[in-house]
Amino acid sequence: MKILQLDVEKLAYDVLKPEASVYEETKEKHAEFDDALVMWVCVEKGDTNETADAALKDALAFMDQIGRKKLVVYPFAHLSSNLAEPKEAMSILDHMYKSVPKGIKASKAPFGWTKKFTIEMKGHPLAEQAKSYDSAGKGKKTYKKTKPASVNTAIVKKSDWAGLPENDHRTIGERLDLYSFQEVSPGMTYWHPNGYIIYKELFKYIREKLDEYGYQEIATPAFANIALWQVSGHYDHYKDNMFILESDGQEFGLKPMNCPSTIMIFKSRRWSYRDLPVRFADFDKLYRNEISGALTGLLRVRELTQDDAHLFVREDQVEHELVSVLKMVDELYKIFGLKYIAKLSTMPDDHMGDAKLWDKATSALENALKANKMKYETKEKEGAFYGPKIDFDVQDSQGRLWQCATVQLDYQLPQRFKLEYTGEDGRQHTPVIIHRVIYGSLERFIAILVEHYQGKFPTWLAPVQVKVISISDQSNEYAHKVYEQLRKARIRAEEDLGDRTMEYKLREAIEQKVPYMLVVGKKEVDANIVAVRTRSGGQKFGVKLDDFIEKVKAETEKRLSSPN
């Protein structure tokens, strides 16, 4: 049995039409749920009611931990190809639904139907968990050795994405040659030169902000002894989503999150109250063992990078640091023209620590929001069990909301790892950790940007900023000199000196979403000028190249958000 367990803000679906010969009769054509745990369940051959019982037991334990009271069982066959017979699957799902105890409001989506759904996720680290159960009901992953695939047959071809909408990031990414996904590395991104430029520019920008705000960048190993993940709690709560390795008779885990490794650096030396706050940023690769059927381009991957940071602060520094973090969030999203909604989540019923401390932490978050004049919604009892938090949903150009940034106050991990600093009174005190990401997963953020801009990236992000187009062979030499001057000015440029028509060259550059095209012919050669065209159809003749270079450099340095 394969399960994708999702802690959701909201799930809504419309029942469209039967998709199988066996389907469940239903009169319900639309359903909505909020603040619920959703179990996307795929029943496989050999699964039994005992398998369902084991999966349900784990889900209920997690619900108790996070204080959730609603459960949705959602049939989802796409998580596996080893499917049970429809009647058998429907029976097992029905057993799971009827086994939900009193006190939990249970719902079940109808089996065997095509459904159109929308979903908004919670922002905490355990909101998305992939789980796998064998036929005995044990919550463990089982593997079958297979022959290695031929590299020639494993390459993902265009036909594999046939039928995707034109505005989907996979379609746009393939058309603009940004990235690809290969069968030999499922759930991992192959960044092509054009796509990697976007990746690097986003990192360049966030690193500038980190320098401005006083962060230090660190790097930690990709995997650690399982003991580290036991102390952090990931082994108990997140093991199914981790890649577990074995070497020299010991278990190691590829890191799904940076927090424990960052904490190890903090623990490596003594700290005084004068040293705090300590702000560590970490851009290491993370690995999460998502179910293959849930992988979706850049939106859900197994290898990801976050613009992760952990701030170790004194109690009296919490509010000041939060104000600073929220200011950075606002500045970054404005660069991309992204609107956002802030959500403050307060103490859940099942929480760690004293209620007075929670009140103090929640007030600090509220004060930081007010200090930054941010409008926000309050989500009562929706905080993580270790502390309150703020999540940010960004709105793209198509009106869709995506949960990206999250800011969390953590009082649990400092205690679990016995973190200390020497206070002004000479005694040992426990710091507070502020966890924060702004992009979130860089892969997911790039997918959002690709669809937000529809490939028309602003000049500073565009993989190719300028295309130099020669009208004839007689202007090729001058066009090449223009191209070299652009490159010398560190502008990302390409040249098209072929014998195709100017109209064809322009059309190709526009299809590649290049912001600027410089067209040169005899007139431009004689006057030592260029003709400037934009992908939106604008044009200007008789432009001095130096003036154009200054314009592009200014757009890049200022990171103007609106593409031409």
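Comparison of 492, 500, 487 shows that the only residue that is farther than 30 Å from residue 559 by Cβ, out of contact with any helix residue (DSSP H, G or I) (no Cβ under 6 Å at 6 or more places or on another chain) and either among the basic types (Lys, Arg) or not assigned by TED's automatic domain parsing to the domain that holds residue 553 (or both) is 500. Within the stretch 402-458, the set of residues being more than 21 Å from residue 316 (Cα to Cα) and in a strand (DSSP E or B) comprises 402, 403, 404, 405, 406, 437, 438, 439, 440, 441. Residues in the stretch 503-530 that are in a helix (DSSP H, G or I) and either closer than 16 Å to residue 543 by Cβ or not assigned by TED's automatic domain parsing to the domain that holds residue 476 (or both): 523, 524, 525, 526, 527.
Residues that are modelled with pLDDT of 95 or more and part of a strand (DSSP E or B) do not occur anywhere in the stretch 121-140.
Among the residues making up the stretch 366-386, those that are within 20 Å of residue 330 (Cβ to Cβ) and in a loop (DSSP other than H, G, I, E, B) are 372, 373, 374, 375. Pick out the one residue from 239, 255 that is charged (D, E, K, R) and closer than 21 Å to residue 419 by Cβ. Answer to the check: 255. Regarding residue 305, is this residue in the same structural domain as residue 430 (by TED's automatic domain parsing), of a type in the set (S, T, N, Q) and over 30 Å from residue 81 (Cβ atoms)? In short, no. Residues of the stretch 484-497 being in contact with a strand residue (DSSP E or B) (Cβ under 8 Å, 6 or more places away or on another chain) and either among the hydrophobic types (A, V, I, L, M, F, W, C) or under 18 Å from residue 508 (Cα atoms) (or both), which ones? Matches in the stretch 484-497: 486, 491, 492, 493, 494, 495, 496, 497.
Residues are listed down the side, and each one gets a yes or a no for (1) in contact with a Pro (Cβ under 8 Å, 6 or more places away or on another chain); (2) not in a helix (DSSP H, G or I):
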| position | (1), (2) |
| --- | --- |
| 22 | yes, yes |
| 39 | no, yes |
| 91 | no, no |
| 103 | no, yes |
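Residue-wise test of (1) in contact with a Ser or Thr (Cβ under 8 Å, 6 or more places away or on another chain); (2) part of a loop (DSSP other than H, G, I, E, B); (3) at pLDDT 90 or above.
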{"position": "202", "(1), (2), (3)": "no, no, yes"}
{"position": "206", "(1), (2), (3)": "no, no, yes"}
{"position": "209", "(1), (2), (3)": "no, no, yes"}
{"position": "236", "(1), (2), (3)": "no, no, no"}
{"position": "261", "(1), (2), (3)": "yes, no, yes"}
{"position": "269", "(1), (2), (3)": "no, yes, yes"}
{"position": "286", "(1), (2), (3)": "yes, no, yes"}
{"position": "293", "(1), (2), (3)": "yes, no, no"}
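Might you check whether a residue that is part of a strand (DSSP E or B) and in contact with a Pro (Cβ under 8 Å, 6 or more places away or on another chain) occurs anywhere in the stretch 345-365? Among the residues of the stretch 345-365, at least one is part of a strand (DSSP E or B) and in contact with a Pro (Cβ under 8 Å, 6 or more places away or on another chain), which makes the answer yes. Condition check for residue 531 on (1) touching a Phe, Trp or Tyr at 6+ places or on another chain (Cβ under 8 Å); (2) crowded, with 19+ Cβ neighbours inside 10 Å: one failure, at (2). Residue selection: residue 364 fails the criterion of being closer than 26 Å to residue 442 by Cβ and of a type in the set (A, V, I, L, M, F, W, C).
The values are calculated or read from the model by the stated rules, or taken from the named source; none is laboratory data. Only a predicted model underlies this, so the values are computations on that prediction, with no experimental measurement involved. So basically every Cβ, Gly included, is an ideal-geometry build from the backbone, and we count neighbours across all protein chains shown.
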